[in-house]
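Visitor: Pasting a structure below so you can have a look.
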Amino acid sequence: MASSEHYRYGKIRLGGESLNNSSANESHKVIRDIAVRMKNRGVRLVSITGRDCDEGNIELIYVFDEDGVILDHRFVVDVERELDSISDIYSGAINMERENIDLLGMKFKGLTPGLLLEPEKSVIAPLRKRQEEV
Amino acid sequence: MKRPTTIPIGPQHPAFLEPLNIGLELEEERVVGATLNLGYNHRGMEYALALDYKKTQYLVERVCGICSNHHSAAYCQTMEDIYDIEVPVRAKVIRTIMMECQRITSHLLALGHTAETMGYENLFMQCFRERELAMRLVNEISGNRVHYSINVIGGIKRDMDAGMERHTANVMRELRPLLEDLRDVFARDNTLVKRMKDVGVLTNEQARDWCTVGPVARASGLPQDIREDGFAAYDMIDLKPVVRDEGDCYARTMVRMDECLHSIDLIEECLKLLDEGPVIMTVKGHPTGEGLSRVEAPRGELLYHVKAIGGLQLDRIKIRTPAFLNVPSVQAMLPGSRLADVPLITVSVDPCICCTDR
């Protein structure tokens, strides 16, 4: 996990380097602590973005906003692992996480697919890279 | 103990302009629970937009027809961030004028829709009559009514001449008293006020919890307006975010109404900033790197996050629309309300399902 803070209006650079090693799945467990800390500080959750970075790994970027300051926390996680959800900390996170379930085939504890795609009937994880795209 | 009755509202419902389903739990006429079902309008836009970054600047406007210009502005800003270029000032000012014009058209649509939902057909027509002035203006400036296609990476592709600047100022002068009249109706009409006051309340804490943005957040006392970031020309003009603290349908409506009037102020300020100069700068080569940019669309913060890998195809383009956060917050507003108020409460968040589902 890595994080960065930026305060350059109109041009916000995300500079957090992601970890990509065997402990990456473990490192994601800190997200609940981070989310609680952020919530208590009155920080707004902006987005949870998933990106396929090959070999079954997804880079998951949590973006927060604290009085205009963008904070990003990044994790590289195994797509097959069931991850901790922060939807009980931020209600607004439910759909952000469910979107990643539908579009990238991720798994979050206590959340189901079917926000944007119909399970069993729609294309599976359309934002995962297909073999010909890798 | 009585068992609640469960009824579906939508996805096809006369009050909704787009498909949206709400599973309501009722005890007699009172809502005790609500579950939102989305996805009826999912088109896989994020997949399609990543295929060719040059075509994306036009395709991205098709995410939504109401805030199309904000989508292309946010995308172009993100790509300019990746290219690390500074857009000419004149282009920034014209982008700001177009964004504020679109805020007026979007808010007047939302206000008209709110009036229609309350059965006030005449007010709906009045909103759309005034909106037409702004719609014609953007058509004259950009050549298009809905998808302006004026933003390109590096600036804008159609300049305003002196005649168009004067015409824009005249339209704003004509629009202001009409919107002030409209504001009086929304603020003072007894029936409207009684239908909206203390209905569908979203508390400050709930607004934070649901991560709401834009007029929905500002109507619940959260003073967040991304225009304060100073993107485009917002650092050159006197922005005064409209914030209220009631959190009900009335507050959300009045925030939009007052923002329409403030948009006129901002456009008039922008017109004074229009000096001679270029409106576009050329960019060379394919983009490489990661960029994040956001604009204040009519419904709130619109975020674009792009990772480019040096070819036509983008590695990832993520769009976090304001409606994606605001629409689910109706689940917090509905419990405790009457069944008859459900359409009004839902419409009061200005639900854009095209943006939500993408």
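Visitor: In terms of the ratio Rg/(2.2 N^0.38 Å) built on C-alpha atoms, what value belongs to the stretch B:173-247?
Guide: That ratio works out to 1.34.
Visitor: Reported to two decimal places, what Rg/Rh ratio describes the stretch B:1-112 when computed on Cα atoms with Rh from the Kirkwood expression?
Guide: Over the Cα atoms of the stretch B:1-112, Rg/Rh equals 1.15.
Visitor: Below 8 Å between Cα atoms, with a sequence gap of 6+, how large is the relative contact order for the stretch B:199-337 in percent?
Guide: Computed over the stretch B:199-337, the figure is 28 percent.
Visitor: Long-range amide H contacts for B:R316: which residues qualify at under 5 Å (H placed 1.01 Å from N, peptide plane, sequence gap of 5 or more or a different chain)?
Guide: Here the answer is B:K307, since their amide H atoms fall under 5 Å of that of B:R316.
Visitor: Write down the Å³ per residue value for the convex hull defined by the alpha carbon atoms of chain B.
Guide: Each residue corresponds to 123 Å³ of Cα convex hull volume.
Visitor: Test of understanding: in a Gaussian network model of chain B with alpha carbons linked when under 10 Å, which of B:T212, B:T191, B:T96 would top the mean-square fluctuation ranking?
Guide: B:T191
Visitor: Then there's this: Using a Gaussian network model of chain B whose springs link C-alpha atoms within less than 10 Å, name the residue from B:R95, B:R188, B:R136 with the highest mean-square fluctuation.
Guide: B:R188
Visitor: Would you please give the residues with an amide H less than 5 Å from that of B:M281, counting only those at least 5 places away or on a separate chain, with H modeled from the backbone geometry?
Guide: The answer is B:G155.
Visitor: Starting from the residue with the highest accessible area, list B:K284, A:K107 in decreasing order, probe 1.4 Å.
Guide: My answer, sorted largest first, is B:K284, A:K107.
Visitor: Which ³J(HN,Hα) values, rounded to whole Hz and listed in residue order, are derived for the stretch B:238-243 from phi using the Karplus coefficients 6.51, -1.76 and 1.60 in 6.51 cos²θ - 1.76 cosθ + 1.60 with θ = phi - 60°, glycine and proline given as x?
Guide: Those phi angles translate into 8, 8, 10, x, 8, 10 Hz.
Visitor: For the stretch A:62-97 and the stretch A:29-55, what is the centre-to-centre distance using only Cα atoms, to the nearest Å?
Guide: Going from one Cα centre to the other spans 3 Å.
Visitor: Here's something else I'd like to know. Express the accessible area of chain B per residue in Å², computed with a 1.4 Å probe while the remaining protein chains stay in the model.
Guide: Accessible surface, normalised per residue, equals 36 Å².
Visitor: Just counting partner chain Cβ atoms within 10 Å, what average do the residues of peptide B:305-314 show around their Cβ?
Guide: Mean partner-chain Cβ count within 10 Å for B:305-314: 2.
Visitor: Per residue of B:76-86, what is the mean number of Cβ atoms on other protein chains within 10 angstrom of that residue's Cβ?
Guide: For this peptide, the per-residue mean of nearby foreign Cβ atoms is 2.
Visitor: May I pose another question? Which residue fluctuates most in the GNM of chain B (Cα springs below 10 Å): B:S348, B:S106, B:S337?
Guide: Taking springs between Cα atoms under 10 Å, the residue moving most is B:S337.
Visitor: Let me ask something else. Can you pick out the pairs among A:K121/B:K2; A:K39/B:K284; A:K109/B:K318 whose Cα atoms lie more than 31 Å from each other?
Guide: Violating the 31 Å limit, Cα to Cα: A:K121/B:K2; A:K39/B:K284.
Visitor: Going by amide H atoms built from the backbone, whose H comes under 5 Å of the H on B:L26, apart from near neighbours?
Guide: B:T5, B:T6, B:I7, B:V32
Visitor: What Kirkwood hydrodynamic radius, in Å, does the stretch B:115-249 give when the mean of 1/r is taken over all pairs of distinct Cα atoms and then inverted?
Guide: 17.9
Visitor: Per residue Cα convex hull volume for the stretch B:216-358, in cubic angstrom?
Guide: Measuring per residue, one finds 132 Å³ for the Cα hull of the stretch B:216-358.
Visitor: Per residue of A:42-53, how many C-beta atoms from partner chains lie within 10 Å of its own C-beta, taken as a mean?
Guide: Per residue, the number of nearby Cβ atoms from other chains is 5 on average.
Visitor: Tell me the net charge near B:I97. Cut-off is 13 Å between Cβ atoms, B:I97 excluded, with +1 for each Lys or Arg and -1 for each Asp or Glu.
Guide: Charge balance in the 13 Å sphere: -1.
Visitor: Hey, another quick one. So how much accessible area does A:R81 have, in Å² to the nearest 10, using a 1.4 Å probe?
Guide: 110
Visitor: If you don't mind, another one. Excluding B:L108 itself, what net charge comes from residues whose Cβ is under 10 Å from its Cβ, given Lys and Arg +1 and Asp and Glu -1?
Guide: Around B:L108, the surrounding residues sum to +2.
Visitor: Could you tell me the total accessible area buried at the A-B interface, probe 1.4 Å, in square angstrom to the nearest hundred?
Guide: The A and B chains share an interface burying roughly 3300 Å².
Visitor: Can you send over the solvent-accessible area of B:T5, 1.4 Å probe, protein chains only, in Å² to the nearest 10?
Guide: 80
Visitor: Between the stretch B:167-217 and the stretch B:286-358, what is the C-alpha centre distance in whole Å?
Guide: What the calculation gives is 20 Å, centre to centre.
Visitor: In square nanometres, what is one fourth of the surface area of the convex hull spanned by the alpha carbons of the protein assembly as shown?
Guide: Average of the hull's projected areas for the protein assembly as shown equals 22.5 nm².
Visitor: Just the number, please: Stokes-Einstein D of the stretch A:31-88 in µm²/s, Kirkwood Rh from C-alpha pairs, 37 °C, 0.692 mPa s.
Guide: Approximately 270 µm²/s, per Stokes-Einstein.
The values are calculated or read from the model by the stated rules, or taken from the named source; none is laboratory data. What you are looking at is a predicted structure, and each value in this text was computed from that prediction instead of being measured. Here Cβ is always computed from backbone atoms with ideal geometry, including for glycine, and neighbour counts include all displayed protein chains. Just so you know, the surface numbers come from the protein's heavy atoms only, side chains and all, with ligands and any DNA or RNA stripped out. Shrake-Rupley method; radii C 1.70, N 1.55, O 1.52, S 1.80 Å.
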